[in-house]
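The values are calculated or read from the model by the stated rules, or taken from the named source; none is laboratory data. A quick note: this is a predicted structure, and the numbers were derived from the prediction, not measured. Glycine also receives a Cβ, built like all others from the backbone with ideal geometry; neighbour counts cover every protein chain displayed. Just so you know, the surface numbers come from the protein's heavy atoms only, side chains and all, with ligands and any DNA or RNA stripped out. Shrake-Rupley method; radii C 1.70, N 1.55, O 1.52, S 1.80 Å.
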Amino acid sequence: MRRSPRARGHTAVRAELAGLWSRVLGAEPGPRDTFTALGGSSLAVEETIVASRTVLVQPLTVADFADDPTLDEQADRVLRRHRREFGSGDTSCQQLRPGAPAVYCFAGAGASAAWYLPLVAALTGPGTADLAVYGVQAHGLHSRARVSWTVRGAARRYRRQLTASGGSGPYLLVGHSFGGIVALETARLLHADGCRVERVVLLDTVVDADAALHRWTEGQEGFAETTPDRLPRPVRLAADLARALGAGLVRYHPAQQKQVFWALGMRAQRGHRIRVPAGVPVTVLLTADAPGQEPRWQELGVAPEHIHSVPGGHLSMITEPAVLTAIETALVAAPTQ
């Protein structure tokens, strides 16, 4: 019997949650297992919530663990929240912390702005403790909206959003993965308009997405093809295109939503020519998951002393203390007065 889309969505979300529980607890959960029955503590809850920000388009919250739900029940909660929020208005630019001036943090393709919450907690030193932090994610990711099919199109929309509140600046931009490509183009447009862009910090942003694609999809949790490889390639391409056409309009289940927007990001980067704006300082932080990128960024005009190797993986780097320190150092180096 063919399962309904809702049933398939529940199964996909439950599988992602099971992977998170297993990673933190070291035990394979069944649909009727509860977190505490498998040995979960309050510290394990916090660890799971943090880990969910790198994997789920709809990250977990403390409320998702209230009353110790089973794995099945938690999947239901995530799906209900996803359905409720899809249509709640534009969520592409979210204030994660008030203050002044502002740093705008661009999430990777298919990723939530919540990915940057560890950075919000880490910005406590002189020069960063008072910064406002905004998380920027794709239009249509969490709410019904027209998606951007190109990097330039996305950057134009973000430029309008940023200048509506920030005027002529100064601007500090941070971008992870594909979000770095969009942040860099947004910085270029802002700079061309005469706005002050003090620094752009790129986190594991690669010049050639296809060079890293196989490594990421095969080697890390949280990356997946939108259509199973077992299907013929023309069928996969047609199915992926059909889903892409529905992005921002159709409410896919959270696991599929992430995959659709990730594929859109890869498509957009393939058609984009990266340009580093002259006069805008750029810092590039690269993990071992982005090999061979240092000379590529140098070719584009980034000074060697502003390209650094950092610990962690492509998705988990934001939880690494050394990475958080490097980001803060870069932001402090940029004058914001």
* In the range 265-318, what percent of the accessible surface is made up of carbon and sulfur (1.4 Å probe, ligands and nucleic acids excluded)? -> 51 percent
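Just add up the charged neighbours of residue 128: K/R +1, D/E -1, any other residue whose Cβ is under 14 Å from the Cβ of residue 128.
Numbers: positive: 97, 199; negative: 130, 198, 328.
Result for the neighbourhood of residue 128: -1.
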* Structure fact -> The answer for residue 174, listing residues at least 5 apart or on another chain whose modeled amide H is closer than 5 Å to its amide H, is 104, 105, 106, 201
* To do: Keeping all protein chains in position, work out how much accessible area residue 72 exposes to a 1.4 Å probe, and write it in Å² to the nearest 10.
  => 40 Å²
* Structure fact -> Phi angles of the range 104-119, converted by Karplus (6.51 cos²θ - 1.76 cosθ + 1.60, θ = phi - 60°) into ³J(HN,Hα) in whole Hz with x for Gly and Pro, give 9, 10, 8, 6, x, 4, x, 9, 8, 4, 5, 3, 8, 4, x, 5
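Write down the Kirkwood hydrodynamic radius of the range 248-337, to one decimal in angstroms, obtained as one divided by the mean of 1/r over all alpha carbon pairs.
Details: mean 1/r = 0.0639 Å⁻¹.
For the range 248-337, the Kirkwood estimate is 15.7 Å.
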* Between residue 96 and residues 5 or more places away or on another chain, which pairs have amide H atoms under 5 Å apart, with H built 1.01 Å from N, and which residues are they? -> 133, 134, 135
* Give a residue-ordered list of calculated ³J(HN,Hα) values for the range 55-63 (Karplus: 6.51 cos²θ - 1.76 cosθ + 1.60, θ = phi - 60°; whole Hz; x for Gly, Pro). => 10, 9, 6, 10, x, 6, 10, 4, 4
* Structure fact -> Note to self: C-alpha centroids of the range 151-165 and the range 254-329 sit apart, in Å, by 20 Å
* **In Å², nearest 10: area of residue 82 left accessible to a 1.4 Å probe** => 0 Å²
* Would you pull out the residues with amide H under 5 Å of residue 307's amide H, same chain only if 5 or more places away, H placed 1.01 Å from N? => 284
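Dividing the Cα radius of gyration by the Kirkwood radius, what Rg/Rh value follows for the range 83-204?
On the way: Rg = 13.6 Å, Rh = 14.4 Å.
Answer for the range 83-204: 0.95.
Sort 319, 91 by heavy-atom solvent-accessible area, probe 1.4 angstrom, most to least.
Working: 319 65, 91 30 Å².
Order by accessible area, largest first: 319, 91.
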